[in-house]
Each structure stands twice: as structure tokens, then as C-alpha cells.
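Step one of this worksheet: look at the structure below.
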Amino acid sequence: MNDVHSDAALRVIDAVKHYGSNRALDGVDLHVMPGEFVALLGPNGAGKTTLFQLLSGLFSASTGRIFVQGVDLRSDPLPALAALGIVFQQATLDLDLSVVANLRFHARLHGIAAQRCEARIAQLLPQLGLADARNARCRTLSGGNRRRVELARALLHEPSVLLMDEPTVGLDPESRQAILQHIHALCRERGLAVLWATHLVDEAAGADRVYILHRGRVCREGPPQRIVADLRADSLLDAFLQLTGEERPAA
Amino acid sequence: MSPAHASGALAALVGREIVRFWQQRGRLLSSVVRPALWLLVFAAGFRSVFGVSVIEPYQTYVLYEVYIVPGLLGMVLLFNGMQSSLAMVYDREMGMMRLLLTAPLPRWYLLLCKLTAGTLLSVLQAYAFLAVCFVFQVTLPWRGLCTVLPALLLCGMTLGALGLLLSVYIRQLENFASTMNFVIFPLFFLSSALYPLWKLEESGVPIVHRLAQLNPFTHMVELIRFSYYGRLEYEALLIVVACLVVFFAAAVLGYDPQRGAIARTPRPAR
């Protein structure tokens, strides 16, 4: 990897994923540098979830390679997975357990010693506004708070790369904004590399760089302003609609 | 994977299964009531029909309800093994499985932890059923409670591994009913759980007899039966261990992200 992106926190090289004759991903190249907030913007069915399944090691790419902190996910998955924090699109909390029990469960899967785990929990819950919910059963929490618990869990083992797969689906605007701002702050303050998948253009507008994914391919990459300027579009939404070939409703 | 990490993950998964089991107390009840009905109703009704002559490992004639206890212990393990596979499918549908499979631990080890957790629950239920047997004064030797433990653990692991393997192929929770029809019932009825194999031979149904001989569940029941009376059936032991190795290896392969069946079909894109 002797090239300009060799120090990327997350790097995807020419990832292809077939399901039978269907090419869900068709040669995706992508990188995220430390401290960078990168949005993966694509309409539903563009291949975002498939890409995230490959990035989180759930499935393997048909061809292509993925590196986390320079470690090949395929040949050396354990250190690569240890460096990843993941918030899945689908809720993955055990709803019958308390907030703190969910976090401890995760800590044990990640081999975090009890003392460090308690210290991290004590640090993270107030940061995410969950200090009072510590012992609440997850079933009793609102959708926004459940997401925050999942975020706390993803950050518990101090990952260097955070994968967020459409994390704001189903949340009210206030919760969406709060989570987005928190993640931006983590990028700036902690140097966390973030890949944020979304189909909502406004979430991508504040990103350092955007990858626009359409039909399994990256059709444009760069800072949002540059994409808008290159396409002589009015806004990122306009550029996105041009690239994905969808007409703006009632234009 | 350090020993502390490995044991912590095992404790977390076993703890989670126990908490979930405790929250679904109906499961314990049904796991005891089901074999108890067989014992108290079926066996009582058929006591006079099935006279069981002196066969190994029994020293004397035994009542039918004594004969079917090992088979019913096998049934408890079989149901719980399948229940664990249902839990795997549930976890997959509910997304919990993703959390497990993205932990920085080898997949075979995570599956082994799940299997161990499920087996401990199986064995716990088997002992709950044995308690019922003693309450209803089925004549069983007390010391069998100790000698049967390794057999229960081994058979519980093997049936759990079979459940794990099935969970690779069961795509949705709804398909669980067919598992009952195509896995649990044939395994149970085509075995020595309810009648000794020579009875099948004597009844002039050689195909059924042959199938029952080939059925791994028969060997599990016999392993449990002999162990309960302090005897080791080497042939049954070998067959059960071989089944455990094959089922578990196939399940690990099935869950492999590169080669396994789990990777071949598209997940719903959201």
C-alpha cells in the first residue's frame, strides 16, 4: 500500500460482491482518513448495506480488499474487527436487558477488563445524555435513546473507525441532529474516522467528503462543495439527483 | 484471543442465555411437562402393551416407564437443541447475531460458546425432568444421576450442534414448524427411545429397524441409558462423538463469511 492513502484508517480497494448473477457491488474504491467524516450517500438499494456487511466482516467480498488501520480484514480479521465500532441499521440491543448490561455484554465480547469497562461506561453515558437511563431496561427507552445506547456501545472499546449504517432511520429531527453533531465532535476531538451511510442528503452535506453510490458503483467522490461545483448544480441534493438519474419531483 | 477474553466471552454468552431462559419461565415448564406427559400418560397406558424383557443394561425386567426415561431425556435435549437453533435464527432476524459475529473473536469460538450455553440449559432441563421422575417414583438408581452427566453433556452438545447447523439453512422463523416435522419427529420415533430395536425387528419392519440403527439419536439414547446404569457403550460413544465433530464442523463452515452457505444468499437490502 505504498500510495497516497496508505495511512487511511479504512480503505476499500476494488470491492466486488456478487449474489449469483447479481452484482450488488461493482468495484468500489473508498478510503477514510483519521479524523475524517465521510458520508456514503446512495438511494435505497444502491449497495450501502452490502458494503457495510463487507466492512464489518459479516460477509466477504467476491474480489477486492478491505484494510482497517492497515490490517487486511480477510487475512487478519480479529485486529481489524477490534479497531471497528459499528452501529447497525437494524437495532441490535437486547431489549430485556438494562442499558448497562448491554454495554457490559459487548465489553466482554471485546475482551475489555471489568474495571476499564466501568470507567468507559461512566464516561460515555453522561456524554450521550444517558446518565439517568443507566439501569433502565432498553425496552423502556425511546428510539433516540436506544440509538444513543448503541452508539455508546460502538464507542466502548475505543475504536479508531466508526461505521454508521443509516443510524438515524426512524428518529425525530432533534435526535438525528444531536447524534450527527456528537459524531462530528468525535471526529474533530478524538481523530475518529467515520463512515456514515445515508440516503438523506442533508446528513451528507456537512461531511468532509461524500461518496455517491449508485447501482453498486461509486459515481462521484469528493467534498460536497466540489461535487456541487463540478456538476454546476444548485445544491448537493440537485447533484445527487443528477447523478442517480432521478427527476426532482415537481421541478 | 487471550484466555481472559475467551473466558469472558463464554461467561457473557452463557449468562445471557440463562437470563433469557429465566425471563421465559414457560420454557422450563414446557420442557418438563412434555416428557412428563409421555412418562405419566403414554407409559402408563402402554405399560401392559410393551413388556420389556431383560436387556442390557438392565439386570432384571423393568417397567415400561423405566425403559423410556433415557429416551425422554434424549427428547429434552433434542427439543432444547432445536430451540437453540430457533434462538439463532431469531438473533439473526433481530440483528443480535451481527453483534456476535463482528466481535473480535474467531467465529468457531463464538459458535462454541453459543453451543456450550445451550447445552448447559439442556442439561439443566434434563435434571428437572429427572426430578419429576423421582417425584412420581419411577424406580431409578440414585447414583445414575452422577454417572449420566457426561452422556447428557455430550448428547446435548451434539444435538445443539445439529441445531446450529440447521440454523444456517433456516432462513426465517416461520420455517421452524417444518424443522419439527422433518427433524424432531423422525429422529425421535425412528430410535430406541420408545421401544427397544429388537421389537422393531420382531415386528417384521426391517426397513424401520435399519433406519433406527442408523439414526444417531438411537445411539445417544443408548449412551444415556447405559451411562445411567454406570456402563459405557463404546460404540454409541464413538458414533455420538463423530456426529458432534461432523455437525459442529459443518456449522462452522456454514457460518464462514467466505465459503459458507450463509454468505451465498443476499440479505434483504435496506
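Some observations on this one:
- Failed item, numbered, when A:G144 is tested on (1) modelled with pLDDT of 90 or more; (2) of a type outside the set (D, E); (3) in contact with a helix residue (DSSP H, G or I) (Cβ under 6 Å, 6 or more places away or on another chain); (4) open to solvent by less than 60 Å² (accessible area, probe 1.4 Å): (1)
- Of all residues in region A:94-122, those satisfying the criterion of being out of contact with any Leu (no Cβ under 8 Å at 6 or more places or on another chain), within 11 Å of chain B (Cβ to nearest Cβ) and assigned to a helix (DSSP H, G or I) are A:A101, A:R104, A:R108, A:A114.
- Residue match in region A:223-234 (condition: out of contact with any helix residue (DSSP H, G or I) (no Cβ under 7 Å at 6 or more places or on another chain), closer than 26 Å to A:H5 by Cα and in contact (Cβ under 8 Å) with a residue 40 or more places away in the chain): no
- Total residues in region B:196-226 satisfying the condition of being open to solvent by less than 50 Å² (accessible area, probe 1.4 Å), of a type outside the set (A, V, I, L, M, F, W, C) and over 25 Å from B:S84 (Cα atoms): the figure is 3.
- Selection count where residues are over 19 Å from A:S56 (Cβ atoms) and open to solvent by less than 10 Å² (accessible area, probe 1.4 Å), scope region A:208-223: 3
- For region A:19-45, filtering for residues that are under 20 Å from A:R65 (Cβ atoms), in a loop (DSSP other than H, G, I, E, B) and in contact with a Leu (Cβ under 8 Å, 6 or more places away or on another chain) leaves 1.
- A:G64 modelled with pLDDT of 90 or more, surrounded by fewer than 21 Cβ atoms within 10 Å (Cβ to Cβ) and at positive phi: yes
- Region B:13-48 - residue that is aliphatic (A, V, I, L, M) and without any contact (Cβ under 8 Å) to a residue 60 or more places away in the chain and, of those, most open to solvent (accessible area, probe 1.4 Å): B:L29
- Residue match in region A:174-182 (condition: in contact with a strand residue (DSSP E or B) (Cβ under 6 Å, 6 or more places away or on another chain) and more than 22 Å from A:M33 (Cβ to Cβ)): no
- Any hit, region B:97-120, residues being part of a helix (DSSP H, G or I), buried (at least 17 other Cβ atoms within 10 Å of the Cβ) and of a type in the set (G, A, S): yes
- Qualifying residue in region B:231-239 (condition: open to solvent by 60 Å² or more (accessible area, probe 1.4 Å), at pLDDT below 95, of a type in the set (A, V, I, L, M, F, W, C) and not in a helix (DSSP H, G or I)): yes
- Residue that is farthest from the other protein chains (Cβ to nearest Cβ) [pool: residues in region A:23-56 that are over 18 Å from A:A193 (Cα atoms) and surrounded by fewer than 19 Cβ atoms within 10 Å (Cβ to Cβ)]: A:G27
- Residue match in region A:57-75 (condition: in a helix (DSSP H, G or I) and more than 8 Å from chain B (Cβ to nearest Cβ)): no
- Taken over region B:72-95, the criterion of being within 13 Å of chain A (Cβ to nearest Cβ) and either open to solvent by 10 Å² or more (accessible area, probe 1.4 Å) or within 11 Å of the chain's Cα centre (by Cα) (or both) is satisfied by B:A87, B:Y90, B:R92, B:E93, B:M94.
- Whichever residue in region B:3-12 is within 19 Å of B:L100 (Cβ to Cβ) and either within 21 Å of the chain's Cα centre (by Cα) or open to solvent by 60 Å² or more (accessible area, probe 1.4 Å) (or both) and, among such residues, is nearest to the other protein chains (Cβ to nearest Cβ): B:A4
- Of all the numbered requirements in (1) away from chain B (no Cβ under 14 Å); (2) under 18 Å from the mean Cα position of the chain (by Cα); (3) part of a loop (DSSP other than H, G, I, E, B); (4) small (G, A, S), A:G129 misses one, and that requirement is (2).
- Listed by position, the strands (runs of 3 or more DSSP E) contained in region A:165-247 that have at least 3 residues being within 30 Å of A:L141 (Cα to Cα) are A:193-198.
The values are calculated or read from the model by the stated rules, or taken from the named source; none is laboratory data. Because the structure is a prediction, the values reported are computed rather than measured. A quick note on method: Cβ atoms are made from the backbone with ideal geometry, for glycine too, and the neighbour counts reach across all protein chains shown. Areas reflect the complete protein model, heavy atoms only, side chains present, ligands, DNA and RNA absent. Shrake-Rupley method; radii C 1.70, N 1.55, O 1.52, S 1.80 Å.
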